[in-house]
Amino acid sequence: MQKYILGQEEVYTASPEIWSFKKVSDIVNNINLRLSNMAGGFPFEFDGHTWKDSERLYLCGEFSNNTEEHLNVQHVLLGATSGYAVKRFGKARFLRLVRPDFKSFRLQWMLFVVWQKCKGNADFRRLLTSIPEGAILVENTTTDTGGSAEIWGCKNPALHRARLALENELTERHQDMKHKELELLINLETNKVNSIGQWKGQNNIGKILMICRDCLTHGTEPEIDYHLLNSAEIHILGNKITF
């Protein structure tokens with residue numbers, strides 16, 4: 001199997017083999033790439049609780065000390081209306097409380113969380129394994145302004161400009177088309193534009209998804225650093241997680 005190195009900067013020459021995703025509506029090669037942690041519809045069980053999406057379990061790791069304060073934050077995240085709400089509004093309220101050591105184990109925690117979703121939701125397994133092994137998954141963070149954009153994904157400004165130009169052209173050409181039909185057309189056509197520019201970034205989300213896809217395909221387990229996670233003493237909803 002392909003070896004993916006988390007935390008390593010990558011430069012990918014843009015090509016049709018790179019399947020980039022950003023919105024949950026992105027369709028590439030007739031597959032709806034609902035791969036974001038914030039995507040709903042893929043609930044899974046972990047440690048006796050149902051998680052509506054992987055985003056909220058991941059973010060609970062940021063507030064995973066054995067304190068009443070962190071426990072209260074986790075309950076807020078668990079009860080949020082959507083993965084987007086968790087990311088956009090829930091975490092923002094508690095930034096000052098994030099574990100100062102979280103960056104030291106966040107990549108392995110993310111790999112663990114996504115693997116739990118893979119094991120716990122058949123629909124997500126089917127989606128991930130429907131993507132060919134030769135496809136390189138890249139989270140498109142070109143327009144993201146957050147400090148972690150190039151940690152989790154990659155940027156390709158040249159491709160973004162080309163796709164935006166095509167979107168404007170399609171909008172001008174099909175002014176009489178219904179809004180939803182036009183959105184779908186733009187989605188399909190712009191995602192066909194691939195071979196422009198370079199993708200740059202660590203692409204850790206893309207790598208984690210590919211690790212999980214390949215493990216599902218071959219019937220193996222990801223090489224998760226359980227020693228690191230155990231040493232982090234992660235507490236989720238009142239329980240210390242033993243890996």
Q. Which value, in debye to the nearest 20, describes the size of the charge dipole of the chain about its Cα centre when Lys and Arg Cβ atoms bear +1, Asp and Glu Cβ atoms bear -1, and nothing else is charged?
A. 300 debye
(Q) From Cα pairs below 8 angstrom and at least 6 apart in sequence, can you work out the relative contact order of the chain, rounded to a whole percent? (A) 30 percent
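At 0.36 nm per residue, and after removing the present C-alpha to C-alpha distance, how many nm does the segment from Glu183 to Glu17 gain when stretched out fully? Don't skip to the answer; put the middle values down first.
On the way: separation 166, 0.36 × 166 = 59.76 nm, distance 2.38 nm.
Separation in residues times 0.36 nm, less the Cα-Cα distance, equals 57.4 nm.
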Q: Keeping all protein chains in position, work out how much accessible area Glu223 exposes to a 1.4 Å probe, and write it in Å² to the nearest 10.
A: 150 Å²
Q: Towards the positive end of the charge dipole of the stretch 1-158, with charges on Cβ (+1 Lys, Arg; -1 Asp, Glu), say which of Leu35, Cys118, Thr50 has the farthest Cα.
A: Thr50
Q.
Looking at the chain only, what percent of DSSP beta bridges run antiparallel? Nearest 5 please.
A. 70 percent
Q: Can you tell me the dipole magnitude for the stretch 99-243 around its Cα centre, using point charges on the Cβ only (Lys, Arg +1; Asp, Glu -1), in Debye to the nearest 20?
A: 200 debye
Q. On the accessible surface of the chain, probed at 1.4 Å, how many percent belong to carbon and sulfur atoms?
A. 51 percent
Q. Can you list residues whose amide H is under 5 Å from Ile236's amide H, if they're 5+ apart or on another chain and H is modeled 1.01 Å from N?
A. Ile241
Q: For the chain, with a Gaussian network of springs between Cα atoms less than 10 Å apart, report the residue from Leu228, Leu59, Leu137 with the top mean-square fluctuation.
A: Leu228
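Given a 1.4 Å probe and heavy atoms of the protein chains only, how would you sort Tyr84, Tyr58, largest accessible area at the top?
Working: Tyr84 125, Tyr58 15 Å².
From most accessible down to least: Tyr84, Tyr58.
Within the chain, which complete DSSP H helices have Cα atoms spanning at least 18 Å along the helix axis and a mean Kyte-Doolittle hydropathy of 0.5 or higher? Before the final figure, lay out each step's value.
On the way: long enough: 106-120 (21 Å, 0.11); 157-173 (24 Å, -0.73); 204-218 (21 Å, 0.55).
The qualifying helices are 204-218.
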Q: For Thr217, tell me the accessible area in Å² from a 1.4 Å probe, rounded to the nearest 10.
A: 70 Å²
**Q.** Amide H partners (placed H, <5 Å) of Phe46, local residues excluded
**A.** Trp51
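Is it possible to state the helix-based mean residue ellipticity at 222 nm for the chain, with each DSSP H run of 4+ residues giving -39500 (n - 2.57), the sum divided by total residues, to the nearest 500 deg cm²/dmol? What is it? Kindly include the intermediate steps, with their values, before the conclusion.
Working: 9 runs with 95 residues, N = 243.
Per the formula, -11500 deg cm²/dmol.
Evaluate the relative contact order of the stretch 56-173 (contact order divided by residue number), counting alpha-carbon pairs under 8 angstrom at least 6 apart; express in whole percent.
So the answer I get is 17 percent.
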Q: Please turn the phi angles of the stretch 22-29 into ³J(HN,Hα) values with the Karplus equation 6.51 cos²θ - 1.76 cosθ + 1.60 (θ = phi - 60°), one per residue in order, whole Hz, x for glycine and proline.
A: 9, 8, 5, 8, 4, 10, 10, 6
Q) To the nearest 10 Å², what's Lys22's accessible area with a 1.4 Å probe? A) 80 Å²
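Can you work out the accessible area per residue across the stretch 97-243, with the rest of the protein chains kept in place, probe 1.4 Å, in square angstrom? Please report the intermediate quantities before stating the final value.
On the way: 7200 Å² over 147 residues.
Here the per-residue accessible area is 49 Å².
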Q.
Could you give the length gained by full extension between Val193 and Phe89, i.e. 0.36 nm per residue of separation minus their alpha carbon distance, to one decimal place?
A. 34.1 nm
Q.
For the stretch 124-196 and the stretch 12-73, what is the centre-to-centre distance using only Cα atoms, to the nearest Å?
A. 18 Å
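Determine the alpha carbon to alpha carbon distance for each of Lys91/Lys119; Lys22/Lys180; Lys119/Lys207 and list only those over 23 Å. Before the final figure, lay out the partial values.
Numbers: Lys91/Lys119 26 Å; Lys22/Lys180 18 Å; Lys119/Lys207 17 Å.
Cα-Cα > 23 Å for Lys91/Lys119; rest within.
Grab the beta carbon distance between Thr171 and Gln2, set R0 = 30 Å, and tell me the FRET efficiency rounded to 0.05.
Given R0 = 30 Å and the Cβ-Cβ separation, E is 0.20.
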Q) If you rank Asp47, Asp26 by how much accessible surface each has, with a 1.4 Å probe, what is the order from largest down? A) Asp47, Asp26
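The values are calculated or read from the model by the stated rules, or taken from the named source; none is laboratory data. Only a predicted model underlies this, so the values are computations on that prediction, with no experimental measurement involved. Reconstructed Cβ throughout: ideal geometry from the backbone, glycine too, with neighbour counts over all protein chains shown. When the accessible area is computed, the model is the full protein with side chains, heavy atoms only, and any ligands, DNA or RNA have been set aside. Shrake-Rupley method; radii C 1.70, N 1.55, O 1.52, S 1.80 Å.
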